[in-house]
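Worksheet: the structure to be examined is printed underneath.
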Amino acid sequence: MKLVICAGPPTTGKTTVLKQVTKKLIADGRRLAFLKIDVQYAEEDEIFSSEFSIPARKVYSGELCPDHCNVMVLGDAIEWASKHDAEILLVETAGLCLRCSPYVEGLLGLIVLEATSGMNLPRKIGPMLSLADIAMVTKIDLVSQAEREVFRARIQEAAPDVSIIETNALHGIGIDPLVRRIAQANEIKFPLFLRGNPPVGTCTICVGKKEIGWKQHFGVVRPLEGEIFYQGE
Amino acid sequence: MTIADLTVTGGRGKDGRAEPVSEITLRMGDIVSIVGPTGCGKTTLINDIELFANRNTPSGRRVLINGESAEESCSSDPARNPIALISQHTNFLSDLPVEDFLSIHATVRAHEGGEAIRETLGFANKLTGEPIIRTSAMTELSGGQTRALLIADAVVIGNSPIVLLDEIENAGIHRTRALELLKEYRKIFVFVTHDPRIALLSDYRVVMRNGAMQEVILTGKEEGRVAAELRKMDDLILDFRNRIRLGERLTENVLEEQMKACGYLT
Ligand SMILES: Nc1nc2c(ncn2[C@@H]2O[C@H](COP(=O)(O)OP(=O)(O)OP(=O)(O)O)[C@@H](O)[C@H]2O)c(=O)[nH]1
Ligand SMILES: Nc1ncnc2c1ncn2[C@@H]1O[C@H](COP(=O)(O)OP(=O)(O)O)[C@@H](O)[C@H]1O
Ligand SMILES: [Mg+2]
Ligand SMILES: [Mg+2]
Ligand SMILES: [Zn+2]
């Protein structure tokens, strides 16, 4: 089975892109499963099961960071998808945490960005972009050709190795190259590892201590002036 | 890559039926217009061209360059893209200063920065009322300034042999000056237009209805004569538009003088 992790900031067009991809892959005779991970609201599961009659489900991360939740549940999700005899599992993330990019080593990582988002965005989002294999740029129908080309240059500057594909996802224009990449992608091979290094995050805020200021906390902390350090035992 | 011609093979209209014009070839140096009522698919047609459609857009059209399918690199590497498209967008979303934007775009299109930026701004400022300042933010430009900059960028920085322009008459720019400046370049120009002056300046025009290319009309000798008269009337209207812009009050005297100058009154 293949796994595609699709990240990207909210409302950039992740679902729209994945719907176009699903339509084409089903037409090619592929069996798909779909998982959406979000914090507290999502309806993608219903969209995919009613429009394409494929196994589809969602997970609410609730109190957990949705991308951490992703790492926790992904193993079970692969088992679930293979029970349903899927050949490709598409995972749409919440796209909220820019630091803990949820891509998996060796398997396809896709980020969806919108051409309308401003020229500095590619510089801001860090590993979510730089660790991806493919950046889909949606909403090209809403900007001029010149802006589209400059946006492409800004992405390439922030992530020199990422392949950029531009799309009008509403009309499925530019989707074919992505479908080809998915068809050629590696099969899942255990054990699976997160790509890149997850952020350092063990501190007392993580376990619910709410007081403001690093002096009130233990674990990995940082003051305004200076670097992070470990405080405590 | 040297462009000799561009061919569009017909696809389907909105009703799903084959387009009456099954193929049209534009040759280097041709000026072509696309005409038809709003919503008939003019923008869709030039978007198909810009995307090097290969039966992968809703119209099912194909676009061939020099008789062959465009290579994928044409659309994935802007430096090799032979097409510049000036779309109907009248505002930029880009939060960059004009000079930074142009400098990045010049690099993307494989140009020397400094000279290209000066030339682009010079070109654009011939088309606008108030000049574009190189340090202002792209988002501060007016609709007309935006369109003027896009046209100049396409011609100078884009330096593309094929230029597609979507309804420049609605751009709030000096349309006749734009046409004069553009005609100095030898390219394939495709104008989507509702303007008789632009349509009749073209070598031929594609008439569209219901998402489909219906007919190709060559601009004949008689239309050429009609066009000459229309230009006079158009200049007359433009002259009055300019007087209003400059804060003048209009008088019957001026009207009479202008009509006489056109030969409409003796
Ligand atoms: N014009 C245009 N609109 C698009 C395009 N792609 C997506 N949209 C619109 O953008 C909006 C958000 O799209 P979604 O696919 O729901 O975005 P998402 O990333 O899945 O959003 P969340 O899952 O809520 O984070 C919808 O209204 C889409 O119709 C595109 O290429 N062009
Ligand atoms: N050949 C076609 N097949 C399907 N839909 C089409 C076709 N041509 C145009 N359309 C649709 O018609 C609508 C209007 O088209 P547009 O190109 O914007 O018109 P115009 O520029 O002439 O005003 C768009 O939603 C477009 O997707
Ligand atoms: Mg979604
Ligand atoms: Mg239009
Ligand atoms: Zn996180």
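The values are calculated or read from the model by the stated rules, or taken from the named source; none is laboratory data. Worth saying up front: this structure is predicted, and the values here are computed from it rather than measured. Glycine gets a Cβ as well: all are built from the backbone with ideal geometry, and neighbour counts include every protein chain shown.
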- Note on the structure: Per the filter on segment B:176-195, residues surrounded by 18 or more Cβ atoms within 10 Å (Cβ to Cβ) and closer than 26 Å to B:K14 by Cα are B:F189, B:V190, B:F191, B:V192, B:T193, B:D195
- Message: Any residue that is under 12 Å from the mean Cα position of the chain (by Cα) and closer than 18 Å to A:I175 by Cα - is there at least one of those in segment A:46-58?
- Response: no
- Note on the structure: Over segment B:74-107, the set of residues at the interface with chain A (Cβ under 7 Å from one of its Cβ atoms) and within 21 Å of B:K187 (Cα to Cα) is B:P78, B:A84, B:L85, B:S87, B:H105
- Message: What's the total number of residues in segment A:125-142 that are outside any loop (DSSP other than H, G, I, E, B) and either within 16 Å of ligand 3 (Cβ to nearest atom) or within 17 Å of the chain's Cα centre (by Cα) (or both)?
- Response: 9
- Qualifying positions in segment A:140-151 - more than 7 Å from every other protein chain (Cβ to nearest Cβ) and crowded, with 22+ Cβ neighbours inside 10 Å: A:I140, A:F151
- Filtered residues of segment B:79-124 (kept if in a strand (DSSP E or B) and more than 21 Å from B:D48 (Cα to Cα)): B:P97
- Note on the structure: Those residues of segment A:143-175 which are in a helix (DSSP H, G or I), of a type in the set (S, T, N, Q) and modelled with pLDDT of 95 or more amount to A:Q156
- How many residues of segment A:96-137 are touching a strand residue (DSSP E or B) at 6+ places or on another chain (Cβ under 6 Å), within 23 Å of A:V150 (Cβ to Cβ) and touching a residue at least 40 places away in the same chain (Cβ under 8 Å)? The answer is 11
- Filtered residues of segment B:31-64 (kept if surrounded by fewer than 19 Cβ atoms within 10 Å (Cβ to Cβ), part of a strand (DSSP E or B) and of a type outside the set (A, V, I, L, M)): B:N54
- Residues satisfying the stated conditions in segment A:13-31, i.e. within 15 Å of A:I175 (Cβ to Cβ) and more than 9 Å from ligand 3 (Cβ to nearest atom): A:V17, A:K19, A:Q20, A:V21, A:T22, A:K23, A:K24, A:L25, A:I26, A:A27, A:D28, A:R30
- Query: What are the residues in segment B:82-110 that are within 16 Å of B:G158 (Cα to Cα), crowded, with 24+ Cβ neighbours inside 10 Å and either of a type in the set (S, T, N, Q) or not assigned by TED's automatic domain parsing to the domain that holds B:M28 (or both), if any?
  - Reply: B:S87
- Within segment A:46-60, is there a residue that is out of contact with any helix residue (DSSP H, G or I) (no Cβ under 9 Å at 6 or more places or on another chain) and either outside the structural domain of A:S117 (by TED's automatic domain parsing) or within 10 Å of ligand 1 (Cβ to nearest atom) (or both)? no
- Message: I'd like the full set of residues that are among the aliphatic types (A, V, I, L, M), crowded, with 17+ Cβ neighbours inside 10 Å and part of a loop (DSSP other than H, G, I, E, B), limited to segment B:6-30.
- Response: B:V21
